[in-house]
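I have placed the structure first, in the form of structure tokens, so that the comments after it can refer back to it.
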Amino acid sequence: GDSVTQTEGLVTLTEGLPVMLNCTYQSTYSPFLFWYVQHLNEAPKLLLKSFTDNKRPEHQGFHATLHKSSSSFHLQKSSAQLSDSALYYCALSNNRIFFGDGTQLVVKP
Amino acid sequence: ETAVFQTPNYHVTQVGNEVSFNCKQTLGHDTMYWYKQDSKKLLKIMFSYNNKQLIVNETVPRRFSPQSSDKAHLNLRIKSVEPEDSAVYLCASSYRGDYAEQFFGPGTRLTVL
């Protein structure tokens, strides 16, 4: 069946270091992939989503590349900021929507 | 202001009671959702609904039921709450289609004593 896997439950790193949050998926059909971010005491909101034309989506310094060959949509940022501390969900949509379990990112000074 | 609104923000109740949560969106979307976010922050879709189709997650207990008066409103009723129902319930909306972004409401935190 369709699913999304986020292998890291918690990622802790120091401000200024690069960020990479893993997301792999299984899908019956060619899906759309999303990253949602949820800051403390806030609602989840869209961070970025995959394009249909293989362009790399970017937002707030974050980017992700959809690799169909490896079924991955990892989230990356070159330099973490304290304000990036949040819960990140990877999601897949192909007629139904599936969320991963989320990765808590903690950025320390 | 266009957004997704939920009431109440918090609700504390006892086992066996009935509760109802409200959700309204002013974004003009045609599809609405209910999610359960548990204490481990796992986000599980419970229902998705537009004016033509209700999709129910088969793992949702039958005491949960969605109620919609129009495409801008989707309420959630829990007939007889259980302790494991304690969670944050998030409402969301989107346009129909795989590429559509979901907009979430602020959530209703339910505590069952």
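The values are calculated or read from the model by the stated rules, or taken from the named source; none is laboratory data. Model, not experiment: these values are computed from the prediction. Counting neighbours? That spans all protein chains shown, and the Cβs are built from the backbone with ideal geometry, glycine included. For accessibility, only protein heavy atoms count, side chains too; no ligands or nucleic acids. Shrake-Rupley method; radii C 1.70, N 1.55, O 1.52, S 1.80 Å.
Before moving on, here are some points about what is shown:
- Tally, over the stretch A:27-78, of residues that are of a type in the set (Val, Ile, Thr), within 24 Å of A:Gln104 (Cβ to Cβ) and touching a residue at least 24 places away in the same chain (Cβ under 8 Å): 1
- Strands (runs of 3 or more DSSP E) fully within the stretch A:1-76 that include at least 2 residues being surrounded by 16 or more Cβ atoms within 10 Å (Cβ to Cβ) and aromatic (Phe, Trp, Tyr): A:32-38.
- At least 1 residues being touching a helix residue (DSSP H, G or I) at 6+ places or on another chain (Cβ under 7 Å) and more than 14 Å from chain A (Cβ to nearest Cβ) is the threshold, and among the strands (runs of 3 or more DSSP E) wholly inside the stretch B:16-113 those reaching it are B:73-78, B:108-112.
- Criterion violated by B:Gln102 - all others in (1) open to solvent by 10 Å² or more (accessible area, probe 1.4 Å); (2) touching a residue at least 40 places away in the same chain (Cβ under 8 Å) satisfied: (1)
- Residue that is farthest from the other protein chains (Cβ to nearest Cβ), among those in the stretch A:92-107 that are in contact with an Asp or Glu (Cβ under 7 Å, 6 or more places away or on another chain) and buried (at least 17 other Cβ atoms within 10 Å of the Cβ): A:Val107
- Residue check: B:Arg96 meets all listed conditions (1) surrounded by 19 or more Cβ atoms within 10 Å (Cβ to Cβ); (2) within 21 Å of A:Asp2 (Cβ to Cβ); (3) touching a residue at least 40 places away in the same chain (Cβ under 8 Å) but one, namely (1).
- Which listed residue, of A:Ser72, A:Ser50, is more than 22 Å from B:Asn57 (Cβ to Cβ) and in contact with a Phe, Trp or Tyr (Cβ under 6 Å, 6 or more places away or on another chain): A:Ser50
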